[in-house]
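Worksheet: one structure, shown below.
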Amino acid sequence: MRADYCESGLLPGEPEAVEAGYRSAAHGSPRTRTAALVRKRLGLLIGETMNTVKTLTPIRREPELLGQTVVVIGGSSGIGLETARRARTEGARVILTGRNPERLKRAAKEVEAESTAAFDATDPLAIERFFHDLPTVDHVMVTAGRPYYGRLVDMDFNEVRHLMAEHLLQALYVARSAMNKVRPGGTLILMGGTGGRRPAIGMNIAGAVTAALPNLTANLAVEIAPVRVNLIAAGFVDTPLSAELLGDQLENRRDHLRTTLPIRRVVGPKDVASLAVHIMTNTALTGATYDVDGGQQFVAA
Ligand SMILES: NC(=O)c1ccc[n+]([C@@H]2O[C@H](COP(=O)([O-])OP(=O)(O)OC[C@H]3O[C@@H](n4cnc5c(N)ncnc54)[C@H](OP(=O)(O)O)[C@@H]3O)[C@@H](O)[C@H]2O)c1
């Protein structure tokens, strides 16, 4: 036991061992004797650690989402598809949606989805129809959408109106339908970002949406309780969407993030998926925003 350190700083039994070490190195130089002493001491410590390890019992647990159903709106690619994979390995059934039927079919086959539905998640009627036909489920995650960047002078206001709908109204449409289909204690998880917290040219819309989502989430959590509502705010995540937006700049961006982020690596969809599954399973979490950006917001990478 650490508390048994004697005055010399040696553990009980060590003085004898040290003495033995000295004896075996009795004819060596002071440096040789010191090396023997250190080896002896290390040997004791390693032996001590191994004894401790032997007594540990490995953690055995049930899959965390066993028998539950997870709906991913925007589940045919990137963060949504990775969350579906993760949910499957935790024993859940998954239902995937997206717009492109082919992509959806491929994703559904991979994760052996219970069912799929192809529709545009910015269409309130399509969302209503989808939820109407749905049995009671445990969790709904919304990853459909993409960010909008653009300078004021270049804005097409019709497009902007559509994009605002995509980001904010979509959450309301889904929440109104989900409140009757998600079981009490289940979750609605929305996706936002951390990048829009820092004002910059071209970040008008992204910034407004970023600021609004945590508040919207907290209000929904109060209003549609006992369904829990939470928001995941990501920085750069290495997904097909990021690849599409960055084109041939993708590798440079990855390199830059590897050197500047406090975590010294790029955040991937698996990082977000494991957070999403944690939010699904931790029934104390509601109304909150969880950042997963590897510290990007603090270093302006
Ligand atoms: N990647 C990042 O760095 C990052 C950072 C912060 C936040 N986010 C947000 O996280 C979410 C997921 O991003 P991701 O990188 O995983 O994107 P992704 O790889 O493009 O995946 C998006 C998924 O949503 C579906 N989708 C997109 N728009 C849709 C719509 N209007 N209706 C129905 N389905 C739709 C896509 O399929 P279809 O195209 O076939 O519909 C796809 O399955 C997005 O909202 C994004 O803005 C991403």
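Listed by position, the helices (runs of 4 or more DSSP H) inside the stretch 68-172 whose residues that are in contact (Cβ under 8 Å) with a residue 40 or more places away in the chain, closer than 23 Å to Thr187 by Cβ and over 24 Å from the mean Cα position of the chain (by Cα) number at least 3 are 124-132. State yes or no: is Ala234 within 26 Å of Glu64 (Cβ to Cβ) and within 12 Å of the ligand (Cβ to nearest atom)? It is true that Ala234 is within 26 Å of Glu64 (Cβ to Cβ) and within 12 Å of the ligand (Cβ to nearest atom).
Considering Tyr173, Tyr148, the condition of being touching a helix residue (DSSP H, G or I) at 6+ places or on another chain (Cβ under 7 Å), modelled with pLDDT under 95 and within 16 Å of the ligand (Cβ to nearest atom) is satisfied by Tyr148 alone.
Considering Ala218, Ala206, the condition of being in the same structural domain as Ala84 (by TED's automatic domain parsing), touching a residue at least 12 places away in the same chain (Cβ under 8 Å) and under 18 Å from Gly150 (Cβ atoms) is satisfied by Ala206 alone.
The values are calculated or read from the model by the stated rules, or taken from the named source; none is laboratory data. Everything numeric here is computed off the predicted structure, so don't read it as measured data. Every residue, glycine among them, receives a Cβ derived from its backbone with ideal geometry; neighbour counts consider all protein chains shown.
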